[in-house]
Structure formats: structure tokens, C-alpha cells
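What follows is one structure encoded as C-alpha cells, with my remarks underneath.
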Amino acid sequence: MDQTPIIATRGLDLWYGASQALHSVDMDIPEKKVTALIGPSGCGKSTFLKTLDRMNDLVPGIKITGSVTYRGQEIYDPQVDVTWLRKQVGMVFQKPNPFPMSIYDNIAYGPRTHGVRGKAELDDIVEKSLRGAAIWDEVKDRLKKSALSLSGGQQQRVCIARALAVEPDVLLMDEATSALDPISTSKIEDLISDLKEKYTIIIVTHNMQQATRVSDKCAFFLLGELIEFADTTQLFSVPKDKRTEDYITGRFG
């Protein structure tokens, strides 16, 4: 590695009840790069993503062993404050999920939760976050309107702005464009390329073209195992594992 990874996993195993969903995953995720997780449905990509901000804590009957560190700190240590962790590691979901409140209040929600109260400061955060998510010009005149009145693509960018508002270090995106039309998808892909100047981004995608367009590193999962993890161009042009090659050339998946 040319740099210290921002997130590292070692021997990461995860079970849902008796069924093992991740098998001994070792991965070093580089800072301020886009890492894509690809693989067929049900192969463990989203499960892996959710271990990184402990979203899986909410699932009953789950068991996780091994190590996940964020900036060298073990995130499954009982001392770790999950609220703090989720401020550092933000998440954008597959379906846009704005809160049923105004666009402004969606963005201000996180900062308020973390104690920001002043109107001027909140105004500033709201504008900066919406600009960061490349949607300010579209919504600046209707900040008091419900976020639910926006199109799907706009809602998803508002959700990205909401994640940015608490100034995370890492942004997780779980199939963040799969419910969107091609134009909205393209806007979000452009946005991902801009955001990596400031953030580390990890995306789960079913779309291999998307992985090649936006990611620097790519991880191929199959049946809960990390088969291959490499620079994206290398993984797609000269995969080391036959199973990776079969998947990216469409022999299965």
C-alpha cells in the first residue's frame, strides 16, 4: 500500500444466525479514493459495507468476529460510541430516503443532533452541503418545501447532502443509483468523482460499467468471500482470479 488505509478489515466473519455471510475478509481501503464493491446479488457486498458503520448491529441474531479498524481504532470495541462512528462514516442507501420534512430540515437534522443551534451556522451548513451534493441551484428557492416533493434523483442528492452535513470522513453508498434514471445516475457519478477530493467513498454497485467509470479500487465478492481486490483498471483488464474474469465477462452473475 502506498498509504495507511483509512479502514482496514482482518479476518472479518459475519453470520446471520447459522448462515455465514462473510468469510475472513481482509481489506485495506485507501483514503480519498473511490472503492467499488462488485459481485452477484447476495454475495456479501452490502453486508460488508454495513459492517463499516456498524449498521448490522441493528439486525437480530448477527454475529461478527475479526477486526474492523477506522484510522487505527477498532470500531467493534465496546468503548466506541456508535453515534460518533456514524458521524465519521456516513451512509447513503439504495432508495432515496429523505425525512418527511423540508429540504432545509433534512440537511440541518444531523448538525442539530450534534448540537449546532445557531441559524446563521445552520444556514451555512445547509448551503455548503447542498452545494457539495451539486443540488443547491435546483433547490435554493424551495428550501422550506418538503424533500418528498423532489424527483428521485434530487431526493438522492439531498440524502447525500444530508450525509455531508455532519462532515463525515468516509461516505458509504449502497447501490445509490440503482433506483434512478440514467441522467440522475450520471449526475451522481459526476458527484462521486468530485467528492473524492475530500472524502473516502465506498460504493456497492451491480453496474460494472459504473465501477469502471467512478472507482479507483475494486473488490470482487463471491459467496461472502473477497475473491480479488485491486486497482479498478487492473481488475477489469487483467484479473488474477478465473472467477473474477468469469464474472466481469458475463459468464455468470
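Read the figures in this text as sums done on the coordinates, not as results from a lab. What you see is a predicted model, and the numbers here were worked out from it, not measured in a lab. A quick note on method: Cβ atoms are made from the backbone with ideal geometry, for glycine too, and the neighbour counts reach across all protein chains shown.
Note on segment 7-248: dipole from Cβ charges, positive end direction compared against 154, 30, 206; the farthest Cα belongs to 154.
Using 0.36 nm times the number of residues separating residue 109 and residue 193, minus their current alpha carbon distance, what extension gain do you get?
Numbers: separation 84, 0.36 × 84 = 30.24 nm, distance 2.57 nm.
Stretched out fully, the residue 109 to residue 193 stretch lengthens by 27.7 nm.
With R₀ fixed at 35 Å, the C-beta to C-beta distance from residue 65 to residue 94 puts the FRET efficiency at about 0.85.
Which number comes out as Rg/Rh for the chain once both Rg and the Kirkwood Rh are worked out on C-alpha atoms?
Values: Rg = 18.2 Å, Rh = 18.8 Å.
In the chain, Rg relative to Rh is 0.97.
Projecting the Cα atoms of 67, 179, 9 onto the dipole axis of segment 7-248, where Lys and Arg carry +1 and Asp and Glu carry -1 at the beta carbon, places 179 farthest toward the positive end. Counting every pair of alpha carbons in segment 108-224, the share spaced more than 18 Å apart comes to 53 percent.
For the chain, what is the relative contact order in percent, using Cα pairs closer than 8 Å and at least 6 residues apart in sequence?
27 percent
For segment 35-89, the list of trypsin sites (Lys or Arg not before Pro) that fall in a loop by DSSP and count at most 16 other C-beta atoms within 10 angstrom reads 71.
In segment 188-222, which residues have a backbone nitrogen under 16 Å from the label point lying 7 Å from residue 231's Cα in the Cα-to-Cβ direction? Backbone N within reach: 212-219. The simple spin-label model puts a point 7 Å past each Cα toward its Cβ; for residue 140 and residue 41 those points are separated by 4.2 nm. Quote the FRET efficiency, to the nearest 0.05, computed for residue 80 versus residue 124 with a Förster distance R0 of 25 Å and r equal to the Cβ-Cβ distance. For R0 = 25 Å, the calculated efficiency reads 0.25. Computed about the Cα centre, the dipole magnitude for the chain is approximately 560 debye when only Lys and Arg (+1) and Asp and Glu (-1) carry charge, each at its Cβ.
Each principal axis of the Cα atoms in segment 1-57 has its own extent, and those three values, largest first, are 38, 21, 19 angstrom. So which of 187/240; 95/119; 32/63; 33/145; 50/140; 45/240 end up more than 26 Å apart, counting from Cα to Cα? Over 26 Å apart, Cα to Cα: 187/240; 95/119; 32/63; 33/145; 50/140.
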